[in-house]
1. I need every pair where a residue in segment 26-37 that is over 13 Å from K7 (Cα atoms) has its Cβ under 6 Å from the Cβ of a residue that is part of a loop (DSSP other than H, G, I, E, B), sequence separation at least 6 or different chains.
2. For C80, work out the one condition from (1) in contact with a Cys (Cβ under 6 Å, 6 or more places away or on another chain); (2) in contact (Cβ under 8 Å) with a residue 60 or more places away in the chain it doesn't fulfil.
3. Would you please name the residue that is nearest to E59 (Cα to Cα), looking only at residues in segment 28-44 that are part of a loop (DSSP other than H, G, I, E, B) and of a type in the set (G, A, S)?
4. Has segment 35-58 got at least one residue that is among the acidic types (D, E) and under 13 Å from the mean Cα position of the chain (by Cα)?
5. Restricting attention to segment 89-126, and to residues there that are aliphatic (A, V, I, L, M) and not in a strand (DSSP E or B), which single residue is farthest from T62 (Cα to Cα)?
6. Can you pull out the residues in segment 62-85 that are surrounded by 13 or more Cβ atoms within 10 Å (Cβ to Cβ) and outside any loop (DSSP other than H, G, I, E, B)?
7. Condition first: touching a Ser or Thr at 6+ places or on another chain (Cβ under 6 Å) and assigned to a loop (DSSP other than H, G, I, E, B). Now tell me which residues in segment 45-57 satisfy that.
8. Every residue in segment 97-127 that is farther than 30 Å from K5 by Cα and loosely packed, with under 14 Cβ neighbours inside 10 Å, please.
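What follows draws every value from the coordinates through simple rules; no lab data is involved. Every value quoted in this text rests on a predicted model; they were computed, and no experiment measured them. Because the Cβ atoms are built from the backbone with ideal geometry, glycine has one as well, and the counts that use them run over all protein chains shown.
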Amino acid sequence: MSKTKKKYKVRIYITDNVRGNMVNSFLRLGVLRLQNSFDGKNGILAIYDVICPAQAILELNTLGIKYFPLDNYSDFVITCPNCGERIDDDMILTIYDENLLSGYNINCQHQNCGTQMAQVVFTPADL
């Protein structure tokens, strides 16, 4: 019996046309499965919510494409880029407003750092 590969839901931030073309290529190839897309604001061209395997996340890392996990949080280390503290669940932005569409995904309350784009490190146990 073959083991089912874990799938991840992540939010991808498109910051320029080159990265946008890379992500669109992954979508066309079926590496990423699009769930939602939004027009970004303030330097974010678009935001894609996708489902993908771990290998696709590793490729996003290699290409320098920013993303944020929307599930399987235990496979990620999410920290504030200012204070370096780990982010609590209640600090993750979930409302689609100006902050979220501008690429911010956390509101760090550890040292009153405020609304930020989190640092995300992918650390899956089963790779």
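1. Close Cβ pairs satisfying both conditions: F26/L32.
2. (2)
3. Step one: filter segment 28-44 for residues part of a loop (DSSP other than H, G, I, E, B), giving 30-32, 40-44.
Checking the rest, the ones that are also of a type in the set (G, A, S) come to 30, 40, 43.
Numbers: G30: 14, G40: 22, G43: 23 Å.
My answer is G30.
4. Within segment 35-58, the first condition is being among the acidic types (D, E), and the residues that meet it are 39, 49.
Next, from what is left, pick out any that are under 13 Å from the mean Cα position of the chain (by Cα): 49.
Looking for residues that are among the acidic types (D, E) and under 13 Å from the mean Cα position of the chain (by Cα), one finds at least one in segment 35-58, hence yes.
5. Among those residues, the one meeting the criterion is I95.
6. Y67, F68, P69, D75, F76, V77, I78, T79
7. Of everything in segment 45-57, nothing turns out to be touching a Ser or Thr at 6+ places or on another chain (Cβ under 6 Å) and assigned to a loop (DSSP other than H, G, I, E, B).
8. The first filter runs over segment 97-127 and keeps only residues farther than 30 Å from K5 by Cα, leaving 97-99, 101-102, 107-116.
Scanning segment 97-127 gives D97, E98, Q111, N112, G114.
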